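Colleague: For reference, the structure I am asking about is given below.
The values are calculated or read from the model by the stated rules, or taken from the named source; none is laboratory data. Quantities reported herein were computed from a predicted structural model and do not represent experimental measurements. No Cβ is skipped: glycine too gets one built from the backbone with ideal geometry, and neighbour counts run over all protein chains shown.
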Amino acid sequence: MRTESIENVLGCFQLEGNVSGYRSYGSGHINSTFLVNCDTENGRKRYILQCMNKEIFQNIEGLMGNIASVTEFLREKIIKNQGDPERETLTLVKSVDGQNYVTDAEGNSWRVYLFVEDTISFDAVEKPEDFYESAYSFGHFQRLLSDYPADTLVETIPDFHNTPVRFEQLEEAIKNNKAGRLEEVKNELEFVFARKEELGMAMNMLKEGKLPLRVTHNDTKLNNILMDKDTRKGICIIDLDTVMPGLSIHDFGDSIRFGANTAAEDEPDTSKVSISLELFEAYVKGFLDGCEGSLTNAEVDMLPMGAKLMTIECGMRFLADYLNGDVYFKTHREKQNLDRARSQFALVADMEKKWQEMKAIVEKYR
Ligand code: ADP
Ligand code: GN1
Ligand code: MG
């Protein structure tokens, strides 16, 4: 991103004071995020500037429409509950001509949010209590959106958590072998193909009406929640690009995939990868508390399967991206997508070993 263009873009938004600096920020894999500092008469004011990934999000207008109306809906609920809407949900800053985003001369679209101060977003769980808090918040988020008109939401990435479609996309990547890396991933493919029959479980239950479609977040990674830096309570759910109709077990599962792994998502040494049952338990408890009894019996039954499916699905996505030449997820080193995929599959294997224990934990809190 050229400096000159970022400065032009910032000039298009209704920021308070004068921009005194900006820098790259956060560890998201999709958008380009910047922290922006402004000097105002009353001191410092900070913003988040994001360039949306236009290869991944084909309908930016629809995506921004979703975010504007979901944050407005949440804002009203937060005000009713006597909360602070500028801390508890994202606040879009309008452009000088009153729009929710701006498109530059190169066709890149940008948005600005108020920076939520005095919060932290974790890339790894430090304490089970923090994981409980994040689970509570993601459960509560779903609860707050339970009466949101789902049919008005644009599907920003079609088939986002349709695991069988993700399998087909992997098959396509194998067929094309664009980056010539197929030979390297034989073991990983064997792992996935051995589990092919299981991949459709959740989607089949949805089709049969056994699992309800809800408004879900769909990207419930630990660093997509801001926690208060002092109380360490969940404050604000962010990264709303994929808020769409989806399955609650997928929101649950994606958090487990990322947060209950004893190793990093891209850990090259898979012997360090395992599912922490202590963290799994903290998340089950927090998510069920946050959902306040709204999950059906079938949803609760399927929580462990949600975790397994989200982990294998994400592994397939990383693997397909590796075969395609690292075109989707941001990478910072060679073979990072391959390491990410391997770490996901090692986590699935460990879940399989601990399956009965995972089920017993869910039973304890249902
Ligand atoms: P990506 O889609 O690339 O993951 P995110 O929207 O998750 O992008 O933003 C990346 C990171 O920026 C987050 O993990 C978080 O640390 C930080 N961030 C994003 N929005 C805000 C905000 N409004 N206030 C404070 N921090 C934020
Ligand atoms: C991406 O945007 P970010 O970094 O929070 C991805 C998720 C993956 C995750 C893996 C829109 O999330 O689906 O689970 O990376 N988001 C999108 O870390 O594809
Ligand atoms: Mg993110």
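Colleague: Considering the range 127-161 alone, what residues qualify as being of a type in the set (Ser, Thr, Tyr) and over 16 Å from the mean Cα position of the chain (by Cα)?
Modeller: Looking only at the range 127-161, we keep the residues that are of a type in the set (Ser, Thr, Tyr), and these are 132, 134, 136-137, 146, 148, 152, 156.
Once the filter is applied, which keeps residues that are of a type in the set (Ser, Thr, Tyr) and over 16 Å from the mean Cα position of the chain (by Cα), the range 127-161 yields TYR132, SER146, TYR148, THR152.
Colleague: How many of the residues in the range 17-32 are in contact with an Asp or Glu (Cβ under 6 Å, 6 or more places away or on another chain) and within 7 Å of ligand 2 (Cβ to nearest atom)?
Modeller: 0
Colleague: Can you tell me how many residues within the range 88-119 are in a loop (DSSP other than H, G, I, E, B) and among the basic types (Lys, Arg)? Before you say what the answer is, go through the steps one by one.
Modeller: Start the filter on the range 88-119 by keeping residues that are in a loop (DSSP other than H, G, I, E, B), which leaves 89-91, 93-94, 96-101, 104-108, 115-118.
With the extra rule that they be among the basic types (Lys, Arg), the set shrinks to 94.
Total meeting the criteria: 1.
Colleague: If a residue has to be among the hydroxyl-bearing types (Ser, Thr, Tyr) and either outside the structural domain of ARG214 (by TED's automatic domain parsing) or assigned to a loop (DSSP other than H, G, I, E, B) (or both) to count, how many in the range 146-179 make the cut? Lay out the reasoning, then the answer.
Modeller: Just the residues of the range 146-179 that are among the hydroxyl-bearing types (Ser, Thr, Tyr), to begin with: 146, 148, 152, 156, 163.
If we keep only those that are either outside the structural domain of ARG214 (by TED's automatic domain parsing) or assigned to a loop (DSSP other than H, G, I, E, B) (or both) too, we end up with 146, 148, 156.
Going through the range 146-179 one residue at a time, the tally reaches 3.
Colleague: Also, quick follow-up: When ASN59 is evaluated against the numbered criteria (1) away from ligand 2 (no atom under 16 Å from the Cβ); (2) of a type in the set (S, T, N, Q); (3) closer than 26 Å to PHE329 by Cα, which criterion, by number, is the only one it fails?
Modeller: (1)
Colleague: Still on this structure, I have one more. Going by the conditions given, is VAL70 touching a residue at least 12 places away in the same chain (Cβ under 8 Å), away from ligand 2 (no atom under 16 Å from the Cβ) and either outside any loop (DSSP other than H, G, I, E, B) or under 24 Å from ILE237 (Cα atoms) (or both)?
Modeller: Details: touching a residue at least 12 places away in the same chain (Cβ under 8 Å): yes; away from ligand 2 (no atom under 16 Å from the Cβ): no; either outside any loop (DSSP other than H, G, I, E, B) or under 24 Å from ILE237 (Cα atoms) (or both): yes.
Here the answer is no, as VAL70 does not meet what is asked.
Residue by residue, here is whether (1) closer than 11 Å to CYS236 by Cα; (2) in the same structural domain as THR152 (by TED's automatic domain parsing); (3) within 16 Å of ligand 3 (Cβ to nearest atom) holds:
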| residue | (1), (2), (3) |
| --- | --- |
| ASN81 | no, no, no |
| LEU90 | yes, no, yes |
| ASN100 | no, no, no |
| ALA105 | no, no, no |
| ASP123 | no, no, yes |
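Colleague: Can you name the residue in the range 324-345 that is in contact with a Gly (Cβ under 9 Å, 6 or more places away or on another chain) and part of a helix (DSSP H, G or I) and is also surrounded by the fewest Cβ atoms within 10 Å (Cβ to Cβ) among such residues?
Modeller: Of everything passing the filter in the range 324-345, PHE345 is surrounded by the fewest Cβ atoms within 10 Å (Cβ to Cβ).
Colleague: When you scan the range 4-39, how many residues do you find that are outside any helix (DSSP H, G or I), surrounded by 14 or more Cβ atoms within 10 Å (Cβ to Cβ), touching a residue at least 24 places away in the same chain (Cβ under 8 Å) and among the hydroxyl-bearing types (Ser, Thr, Tyr)?
Modeller: The qualifying residues number 2.
Colleague: Of all residues in the range 309-329, how many are within 11 Å of ligand 2 (Cβ to nearest atom) and either at pLDDT below 95 or aromatic (Phe, Trp, Tyr) (or both)?
Modeller: The qualifying residues number 3.
Colleague: Conditions: (1) exposed (fewer than 14 other Cβ atoms within 10 Å of the Cβ); (2) under 15 Å from ARG342 (Cα atoms). LEU170 meets all but one. Number of the miss?
Modeller: That leaves (1) as the condition not met.
Colleague: Can you name the number of the only condition in (1) under 28 Å from ASP326 (Cα atoms); (2) away from ligand 1 (no atom under 16 Å from the Cβ) that LEU206 fails?
Modeller: Checking LEU206 against (1) under 28 Å from ASP326 (Cα atoms); (2) away from ligand 1 (no atom under 16 Å from the Cβ), the one that fails is (1).
Colleague: Any chance the range 223-236 includes a residue that's of a type in the set (A, V, I, L, M, F, W, C), near ligand 2 (Cβ under 10 Å from one of its atoms) and closer than 11 Å to PHE141 by Cα? Break it down into steps so the answer makes sense when it comes.
Modeller: We begin by selecting, within the range 223-236, every residue of a type in the set (A, V, I, L, M, F, W, C); these are 225-227, 235-236.
Within this subset, residues satisfying the condition of being near ligand 2 (Cβ under 10 Å from one of its atoms) are none.
Looking for residues that are of a type in the set (A, V, I, L, M, F, W, C), near ligand 2 (Cβ under 10 Å from one of its atoms) and closer than 11 Å to PHE141 by Cα, one finds none in the range 223-236, hence no.
Colleague: Could you look through the range 40-72, keep only residues that are of a type in the set (Val, Ile, Thr) and within 14 Å of ligand 3 (Cβ to nearest atom), and pick out the one that is surrounded by the fewest Cβ atoms within 10 Å (Cβ to Cβ)?
Modeller: This residue is ILE56.
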